[in-house]
Amino acid sequence: MKRFLTKESNYDKRPVIKVDEKHTINIGWREIGEQLSHHISHREAKKTVVAVECYPGVLEDEIVTGLKGILNPDHIFLANEAMKSPEEIDQLVYPDVTDDRVFGYLTRLHIGDFFDNEKVAALRKKISEIKEGIILLYGTGTSQLADPDILVYADMPRWEGQLRFRRNEVSNLGVENKSLEASLQYKRAYFVDWRVCDRLKKTLINKWDYVLDTTLPGNPKMVTGEAIREGLEKAVTRPFRVVPFFDPGPWGGQWMKEVCDLDQSQINYAWCFDCVPEENSLLFSFGDTQFELPSINLVFFKPKELVGEAVHGRFGDEFPIRFDFLDTMDGGNLSLQVHPLTEYIREHFGMHYTQDESYYILDAAEGAHVYLGLKDDIDPELMIRELRESEQSGIFDAGKHVNKWEVKKHDHILIPAGTVHCSGSNSMVLEISATPYIFTFKLWDWGRMGLDGKPRPINIDHGERVIQWDYTTSWTKNNLINTIEQLGEGDGWKEERTGLHEREFIETRRHWFTQKVDHNTNGTLNVLNLIEGREAIVESPDNKFEPFIVHYAETFIIPAKVGRYSIRPYGDSENSECATIKAFIRTQP
């Protein structure tokens, strides 16, 4: 029985970007090996160095096993052979990894720091002394060992890497720690491995001869680097979506199962990363075949075209807007939490901007609520003391210290850093926020365990240093709850400003419409979600891109380069009212 929809779900879980079918895609190790052999056979040199550079989490053994029998190399070298010892690498990364169970410091290390100079020199000498034959180099950092004649980049989205951590399949960069707790592997990857390898990736994108999609173990695909670069070029000229990722959680709900057509056998779904390019992937289609690659590649390859000159000037090659779902329908409260101030996140974790955010209430059941801001008569010392005691007693009266506000569908709750907050049960939140998404200081988790049966880490020490004790009842009501202002209206449309707070750099606009609404990126990134209506269509008044159809609850990206575009109801929604929420970076006062 449907509870949240009147019709079948039309949410697209695998959105694709079509790339010219002229490009050949090789599927399986045999075809991949044969293509590389064909490439080698057309070289006139007696010696060919094939380097397979691997992103962290790639199953390197599968690559060498898959290629060895087809490519038949005369010599094989593994990048790890030239790295420092695991003990030296542990010591190297410790200042950034730290002893904290959740947080570290964004590393300033580069891939070269992980290699032993003497080992690298010896291996380079050995390779240079080989005068003929095929030399296969593979592993993370392989490009440090030789100047390859053929560079293959084995890539994979971060979310798949995290799943491999959970299955104890892969280790962190330069060490063997498959059995380490997955959350600690993730922390090390977040603060060190991914940063190091992203710096390397940026230097190699224009040099890729081939790219491997290694997302599905045992099902590799390969296309030319030219094809990938062409696909990325195309992506910044049109609306597109990234591939969403859904995950269960201790407070998760049931809404996404129905609306997003997910596996009904799962206990719940708590999160969906619907637009987090650091974590999500892009799907390129070459004819009938799909090729998956990290969406962050687009940010690295075409940052100005994607986010715009002004945003690029401020944030560099980062994607500063995040849209994700938090589902508590028939679930529980999120953890009571607070995010760090800008100066705190910079000094303690190396981030240059903080996790300001907002909750857009996409749907709500009767009695839905949020905890937001502190009571007018708050006693900071008492609240912190009772939070600390709760770690032993398992009891904390959140309502004694924090305001509880009822919410309904289409409310917008603003949450600048330093605001104590959490979503309560029976709500479906579209979280619109800045991108540093792990910097949540949990203060109280309602005495429950994580899905792994272990207590979830609590961060009262960090939290008490950033709580803004003057964000109390009257201030919260006047500044953070439905600060909605109508900006304009026309034939069949109305535009409203819904936030965010002046301390936050993201602006949000809501459009209600029964007719076409004209938009313009004005040279800056736009991120939108269809928050009301079954379908809408995005069109170019200048026919610069093909019409793009979006469905209810889907997040979509309009690159800065697009300029003018329009949105109107489509299909089943042509005779009904639709609405979008649009986020962009404020670039002017």
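The values are calculated or read from the model by the stated rules, or taken from the named source; none is laboratory data. A quick note: this is a predicted structure, and the numbers were derived from the prediction, not measured. A quick note on method: Cβ atoms are made from the backbone with ideal geometry, for glycine too, and the neighbour counts reach across all protein chains shown. For the accessible areas, the whole protein counts, side chains as well, though only heavy atoms, and no ligand, DNA or RNA atoms are used. Shrake-Rupley method; radii C 1.70, N 1.55, O 1.52, S 1.80 Å.
As a summary of the residue check, Glu406 satisfies the conditions (1) more than 30 Å from His511 (Cα to Cα); (2) open to solvent by 20 Å² or more (accessible area, probe 1.4 Å) except for the one numbered (1). Evaluation of Pro95 against the conditions (1) in a helix (DSSP H, G or I); (2) in contact (Cβ under 8 Å) with a residue 12 or more places away in the chain shows that the sole unmet condition is (2).
For segment 473-481, the condition holds for at least one residue, the condition being that it is of a type in the set (Gly, Ala, Ser) and out of contact with any Gly (no Cβ under 7 Å at 6 or more places or on another chain).
If you scan segment 295-319, which residues turn out to be assigned to a loop (DSSP other than H, G, I, E, B) and either of a type in the set (D, E, K, R) or crowded, with 21+ Cβ neighbours inside 10 Å (or both)?
We begin by selecting, within segment 295-319, every residue assigned to a loop (DSSP other than H, G, I, E, B); these are 295, 302, 308, 316-319.
Within segment 295-319, Ser295, Lys302, Gly308, Asp317, Glu318, Phe319 qualify.
Inspect all residues belonging to segment 73-81 and state whether any of them is open to solvent by less than 60 Å² (accessible area, probe 1.4 Å) and among the β-branched types (Val, Ile, Thr).
Looking only at segment 73-81, we keep the residues that are open to solvent by less than 60 Å² (accessible area, probe 1.4 Å), and these are 73, 77-79.
Okay, now just the ones that are also among the β-branched types (Val, Ile, Thr), so none.
No, every residue in segment 73-81 fails to be open to solvent by less than 60 Å² (accessible area, probe 1.4 Å) and among the β-branched types (Val, Ile, Thr).
Has segment 167-181 got any residue that is open to solvent by 40 Å² or more (accessible area, probe 1.4 Å), in a helix (DSSP H, G or I) and at pLDDT 95 or above? Walk me through it before giving the result.
Within segment 167-181, the first condition is being open to solvent by 40 Å² or more (accessible area, probe 1.4 Å), and the residues that meet it are 167-169, 176, 178-181.
Among the residues that remain, those that are also in a helix (DSSP H, G or I) are: none.
Within segment 167-181, not a single residue is open to solvent by 40 Å² or more (accessible area, probe 1.4 Å), in a helix (DSSP H, G or I) and at pLDDT 95 or above.
Assess whether Ile345 counts as being assigned to a loop (DSSP other than H, G, I, E, B) and hydrophobic (A, V, I, L, M, F, W, C). No, not satisfied.
Of all residues in segment 233-257, those that are farther than 19 Å from Asn529 by Cβ have Cβ atoms under 6 Å from Cβ atoms of residues that are open to solvent by 10 Å² or more (accessible area, probe 1.4 Å) and among the small types (Gly, Ala, Ser), 6 or more apart or on another chain, in Pro250/Gly450; Trp251/Gly331; Trp251/Gly332; Gly252/Gly331. No other residue among Arg108, Arg124 is farther than 17 Å from Tyr210 by Cα and in a helix (DSSP H, G or I) apart from Arg124.
Counting only strands (runs of 3 or more DSSP E) that fall entirely inside segment 1-79 and contain at least 3 residues that are out of contact with any Asp or Glu (no Cβ under 8 Å at 6 or more places or on another chain), the qualifying elements are 47-54, 75-78.
Of the strands (runs of 3 or more DSSP E) lying entirely inside segment 359-476, those containing at least 2 residues that are closer than 26 Å to Arg158 by Cβ and within 25 Å of the chain's Cα centre (by Cα) span 421-423, 427-434, 441-444. Taking the listed residues Gly350, Gly316, the one that is free of Cβ contacts under 8 Å to residues at least 60 places away in the same chain, under 21 Å from the mean Cα position of the chain (by Cα) and under 19 Å from Arg108 (Cα atoms) is Gly316, with no other qualifying.
I need the full set of residues from segment 495-514 which are farther than 17 Å from Thr555 by Cα, open to solvent by less than 30 Å² (accessible area, probe 1.4 Å) and within 26 Å of the chain's Cα centre (by Cα), in order please.
Keep residues of segment 495-514 that are farther than 17 Å from Thr555 by Cα, which gives 495-505, 513-514.
Within this subset, residues satisfying the condition of being open to solvent by less than 30 Å² (accessible area, probe 1.4 Å) are 496, 498-501, 504-505, 513.
Result: Thr498, Gly499, Leu500, His501, Glu504, Phe505.
Could you check, for segment 322-330, whether at least one of its residues is under 24 Å from Cys422 (Cα atoms), outside any strand (DSSP E or B) and of a type outside the set (Asp, Glu)? Yes: segment 322-330 contains one or more residues that are under 24 Å from Cys422 (Cα atoms), outside any strand (DSSP E or B) and of a type outside the set (Asp, Glu).
Looking only at segment 320-367, which residues are over 17 Å from Ile531 (Cα atoms), of a type in the set (D, E, K, R) and open to solvent by less than 10 Å² (accessible area, probe 1.4 Å)? Glu357 - this is the single residue of segment 320-367 that is over 17 Å from Ile531 (Cα atoms), of a type in the set (D, E, K, R) and open to solvent by less than 10 Å² (accessible area, probe 1.4 Å).
A Cβ distance below 9 Å, combined with a sequence gap of six or more or placement on separate chains, defines the contacts here; from segment 573-589, residues that are in a loop (DSSP other than H, G, I, E, B) reach residues that are modelled with pLDDT of 90 or more and among the aliphatic types (A, V, I, L, M) in the pairs Arg586/Ile506; Thr587/Ala310; Thr587/Val311; Gln588/Ala310.
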